[in-house]
Each structure stands twice: as structure tokens, then as C-alpha cells.
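Asks: Got a structure here, written out as C-alpha cells. Questions coming.
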């Protein structure tokens, strides 16, 4: 049997997740009863937006930032969520209460254009309003990731131009990223490092990407990357704490010789990268000193935000 790959979303198994209740269009139903129509635009076309959020001490971390992204993206593609921000907050609270969840919870909130009257592409065929699904699980990132890190492989699949499919849409249409993930798996790595159309380092198939060089933190220009809430928080943390951070173009040459590399995402926060294309990043095993420092500062920010 092939060795199972590590991902930035690895967590310890939790038996409580076998009996979770899931929000589907206003109703909270058992996991095995949570279903959407085969005519749903999300299932049929990947026509929808989603948010990943984490619950700490009964409060959703960076809720306003996630709602900015969700409502902005839905407005841009003409999806009427049918709820205002307080309505979304109430739906989240209803689901958390039904599951008796308060801490170390990960949520995937999904909004699609809704059920179609015919199985074709045109958005006007979705006439009954949006489909809203909320899945919450007891989930804490695996501590092994911090100790070991993950391996990346540079893949041919790129983060494309905004007029093709803008990476800033957190859309259900994830085939581009799935292909990148498959290419990394074929290369023997855990996840894929994707370049931008100019050949500069951009993101992985699942997370935003940072390197550390001589105590400076580098990330992409942001022109082709996911509009990451955690990415922006790390940039802000660096600026607020006197750490040089650069949003710039940089190449694989800069990356191979970096002192550290790490990924950012709502689930894993900051996940260290151990190797890229078989080349060891830095001299340490697992997270390096800058990654650990930023991780601690990020935890402090989460605590402040959810106090």
C-alpha cells in the first residue's frame, strides 16, 4: 500500500465527527441525511463560493474578514446569499449550538447559486434561491506537521490570469488546484507549489506560500494568489512587529536557497515546509525560528480577536 501523503489539513481523528449535525438551507440534520440536489449548480458546475473558518472560545476568528471575502465574491458573480452578515452569524451559531461546539472547530460554509430547473450552464436556470450548507467538525491541526513539515513539488499547473479564473474567488471550481495536487502526488510530494503566469513563485494548491531569507519574510505580489485572510494577517503581524516583509516577485532560485518556508491557511495557520523538489529548505527540522515566532504572534492575534 502506498504511503499516505501529508496535507496541510491533517488532524487527529475525532469520533465525535461521526455524529455531527449539518446545516442545509436552514435545517440542521444528521450527517448521513445532509444532501443537496443533483441539479444544484454547485454540484453540476462548481458554481458557488465557500469560506473556511475556525471557532475559538465560542467566537469565529476574523469573522468580518471572512464575510468581506464571501459577500464580495458572491456579489461579483451575482449570487444572492439571501442572508445578511447577521443572518450568516445566526446560522453558524445555530449549527454550533446543535453540535455543542465551542472550541477547536473548523467550519466549511458553502453557498451555491442553487437548484437548476434544467441541467445546463446558464445562471438564470437557478430560480429557487441559493443553497447554503455549513459543515462543522471537531478539528485541531496535527502537531506532527509542526515537527516534520511537508514536502512540496513545483508543478506545471499555474495560478492563471484573473480573466481566466481569478484566484481571489474562493470558488467551488477547484479543478485547477486539484490538478496541481495530483501532479505533486505523482512527483512524490505532499502538495504542489504553483507558479504564476510569469514563472514566479505563487501559492500551493491549498495554501499561500512564504519564504524567509536573512530574517526577511517574502511572499508573492498577491496578483495571482488566493485572497487569504491568514496571509494578510501574517503580513500585518510582520509590519506591526518590525519584521521586514516583502510582497514581491521571486523565483525558484530564491526559494531553494531560503532559510525557511511555510504555508498559511485558516486551518493550519502556519505550516512549515521541509523540502521543495527534493531540496531541503534551511538547516532545521520542522519549523524554523521565524516560522515559530510568527506562529506565536499569530496565536496571540487569534486570542485577541476572539477574546
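Asks: If you check 88, 29, which single one turns out to be closer than 30 Å to residue 128 by Cβ, without any contact (Cβ under 8 Å) to a residue 24 or more places away in the chain, surrounded by 18 or more Cβ atoms within 10 Å (Cβ to Cβ) and touching a strand residue (DSSP E or B) at 6+ places or on another chain (Cβ under 8 Å)?
Replies: 88
Asks: Within the range 249-262, take every residue that is loosely packed, with under 14 Cβ neighbours inside 10 Å and not in a helix (DSSP H, G or I) and give me the one that is farthest from the chain's Cα centre (by Cα).
Replies: My answer is 257.
Asks: Only residues that are crowded, with 18+ Cβ neighbours inside 10 Å and under 15 Å from residue 137 (Cα atoms): list them for the range 57-71, please.
Replies: Listed by number, the list holds a single entry, 60.
Asks: Which residue, of 180, 167, is buried (at least 21 other Cβ atoms within 10 Å of the Cβ), closer than 20 Å to residue 210 by Cα and touching a strand residue (DSSP E or B) at 6+ places or on another chain (Cβ under 7 Å)?
Replies: Among 180, 167, only 180 is buried (at least 21 other Cβ atoms within 10 Å of the Cβ), closer than 20 Å to residue 210 by Cα and touching a strand residue (DSSP E or B) at 6+ places or on another chain (Cβ under 7 Å).
Asks: Of all residues in the range 9-33, which are out of contact with any helix residue (DSSP H, G or I) (no Cβ under 9 Å at 6 or more places or on another chain) and within 24 Å of residue 71 (Cα to Cα)?
Replies: 25, 27, listed by residue number.
Asks: I've got another one for you. Against the definition (in the same structural domain as residue 197 (by TED's automatic domain parsing), over 16 Å from residue 62 (Cα atoms), at pLDDT 95 or above and buried (at least 22 other Cβ atoms within 10 Å of the Cβ)), how does residue 294 come out, yes or no?
Replies: Yes; evaluated as a whole, the condition is true for this residue.
Asks: Moving on to the next point. How many residues does the range 266-280 hold that are in a loop (DSSP other than H, G, I, E, B) and over 30 Å from residue 50 (Cβ atoms)?
Replies: Summing the residues that are in a loop (DSSP other than H, G, I, E, B) and over 30 Å from residue 50 (Cβ atoms) in the range 266-280 gives 2.
The values are calculated or read from the model by the stated rules, or taken from the named source; none is laboratory data. What you see is a predicted model; the values in this text were computed from it and never measured. Neighbour counts run over all protein chains shown; Cβ positions are idealised from the backbone, glycine included.
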